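Have a look at the structure below, then the notes.
A short reminder: the numbers here are calculations on the coordinates, not readings from a lab. Since we're looking at a predicted model, the values are computed, not measured. Heads up, the Cβs are rebuilt from the backbone with ideal geometry, glycines too, and the neighbour counts pull from every protein chain shown.
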């Protein structure tokens, strides 16, 4: 699923027919899928999505092992879905397969209790990983869990040589984050908390990692934001237990000036970077970067993840294209100003957990 093209099993359509035996031998399929199912702790009545289900092996195992669960397999390749449906014809339980992409899941919000994925995410570009994880976050219920088994940083050193052949076949760019062990950070950046690496398993073609992440309750999210009046313009202010959180909360305040935050679905991911000569100017540049992306992409954003290193900022903005009828934008924001600009510790003792504040007036 790179670009608009389908990533076929084993990267080439002509190899689809031998996908099952190759994965069984090269990746210890039976062992790692058994381990992932034990990790997922699926209960009676749970709705389970097998994301990038391929020929349906895992979805069928879930349906047979947990007959009271409702299991859905999704894949973008109609040929492998045909194989999956044929394999599942004799399977017990509630099981069906859908054609669709991970970056635009054809499901409403909050309908799954578990999302499982095996050897899928390493086929996606960095942007597609962000989009897919945002979509998983959207369709999971509060407290629902994502469980992934995929390539991880190779350990010990002989695994690097074995994994080289996987990267040669599937692509060095799409597997770069996996080789560097960065998949947990990408999952966390999509809003999951906690995110944990549950273990590793060495195979004849590299090291598999097992990851678990939960969609937290909204009340578990830290920080808060508020607005303050300033003549003809309006001020935005974010509070957080960390500076990153305060920046993210101020960004939410920015969106909330324009529309109801609840009307904006986090369907697409945009990555931004910026820097500043000091924290105050970094914050101004951050707000201006968001306004620029809103204007040039005709988008609104409802979730922000921020990472700071010295005076450098990297962030993901999650949102969707503007729908005037649904979003009903109230104002057009022109930019951040230096008026009432302040970034630092609150120091007022009002909420010791939210010790950081970031604020400025925006021009509307």
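What the Cα convex hull of the chain gives, in volume per residue, is 145 Å³.
Average projection, convex hull of the Cα set of the range 188-345: 11.6 square nanometres.
Each label point was placed 7 Å from the Cα along the Cα-to-Cβ direction; for residue 188 and residue 298 their separation is 3.7 nm. Extension gain, residue 127-residue 162: 0.36 nm per intervening residue step, less the Cα-Cα distance, totals 10.0 nm.
Suppose the Debye formula is applied to equal point scatterers at every Cα of the range 67-222; what is log10 I(q)/I(0) at q = 0.15 Å⁻¹? The calculated log intensity ratios at q = 0.15 Å⁻¹ are -0.87. By the beta-carbon count within 10 Å of each Cβ, the least crowded to most crowded order of 274, 53, 345, fewest first, is 345, 274, 53. Per the Kirkwood formula applied to alpha carbons, the range 47-115 shows a radius of gyration over Rh ratio, Rg over Rh, of 0.94. Placing R0 at 45 angstrom, the Cβ-Cβ distance between residue 65 and residue 340 gives a FRET efficiency of 0.15 after rounding to 0.05. Along its principal axes, the range 240-294 has C-alpha extents of 35, 24, 18 angstrom, given from the largest down. For the chain, find the longest principal axis of its Cα atoms and tell me its angle to the long axis of helix 279-297, 0 to 90°, nearest 10. Orientation of helix 279-297: about 60 degrees from the principal axis. If R0 is 35 Å, the Cβ-Cβ spacing of residue 98 and residue 227 corresponds to a FRET efficiency of close to 0.25.
Placing dummy labels 7 Å off each Cα toward the beta-carbon, the span from residue 169 to residue 262 is 4.9 nm. Were the residues from residue 325 through residue 275 laid out at 0.36 nm apart, the gain over their Cα-Cα distance would be 14.5 nm.
Of all DSSP bridge pairs formed entirely within the chain, close to 75 percent run antiparallel. Of the residues 150, 233, 75, the one that moves most in a GNM of the chain with alpha-carbon contacts below 10 Å is 233. Each 10 Å bin from zero up to the one holding the largest Cα-Cα distance in the range 127-166 carries the following percent of pairs: 23, 34, 26, 16, 0. Working note: 222 nm ellipticity from helices only, DSSP H runs with n ≥ 4, each -39,500 (n - 2.57), summed and divided by the residues of the chain, gives -9500 deg cm²/dmol to the nearest 500. Under a Gaussian network description of the chain, with springs only between Cα atoms under 10 Å, the residue in 154, 106, 266 that fluctuates furthest is 106.
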